[in-house]
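What follows is calculated from the coordinates using simple rules that are stated; it is not laboratory data. This structure is a prediction, so every number in the text was calculated from the model and none was measured. As a convention, Cβ positions derive from the backbone with ideal geometry for all residues, glycine included, and neighbour counts pool all protein chains shown.
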Amino acid sequence: MPITKCIECEIEFEYVTNKPPRCDSCKRKRRARYLTKYKNTNEYLQYTHKHNLEQRKYVDMHCPCKKCGKLIKYKTAIKWYCDECKRIIYKKRAKRYRENKQETTKQKEKRLKQQREYREKNREKLAEYQRNYRQTKHGKKIIKQYQESSKKNGKYKKKIRLMRRRRREKLRCVIHNYTDEEWNEKLNKTNGICPGYKCESHFVGVEKLTLDHIYPLKIAHDDYKKTKEKRIYTINDVQPLCIKCNNKKHIKVIN
């Protein structure tokens, strides 16, 4: 290691870098002087930046274009391409970007189409999977969290209002040609036993039986939009089902 003398205090010490030789104690003192002059470190940095800018000298220099070999002027950073070559390169990049975007959109449409086809084929399988998942601990926990958050935000109430409004619109396009007494008689005859949809008949209780339209209301509503003729529902076109079986049946027609 080379030994040199400090500029300020003339103490001998080992020196490695090419900067002016100063010992550690003199370096600390010098730094303390700057900090006293500029109280904040940000001010000190701004001062050094200005000082460097004043000393810097920009010189016009030339470098060849990578594509055409034409000489280009540059001051701070080296330019690799001239302006004409840049335009050609940017046009090619833009074209490539558009082609890639079209490919991604086609792939996305293809994937969505495959997903729709799979859902239509395996609708019952997916519904069973969802039902089983809701009965698990994790599923119940997520449903509770969703209900609590939606009640706070007001989403739950809005959703119920929308469902009821749609239900009313469907009922306006239909005529119920039976009385409440006839419906109560039909309920009492069941003795609280649900006939079941795709399952055996099971006891639920008269209170838990709900009204189900054998010819679904949604299809009747769609027919009314086309023909503008209201469908008439008699007591024979209606049946009592439990909530589970009613949800399973959904908009399917039973022959």
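Of 186/248; 170/252; 125/208; 125/170; 218/249; 125/244, which sit over 18 Å apart, Cα to Cα?
Result: 186/248; 125/208; 125/170 exceed 18 Å.
Sticking with the crude label model, points 7 Å out along Cα→Cβ, report the distance from residue 169 to residue 30 in nm, one decimal please.
8.1
Under 20 Å Cα to Cα from residue 106, which aspartates and glutamates show up? Leave out anything in the same chain fewer than 8 places away.
Correct list for residue 106: 117.
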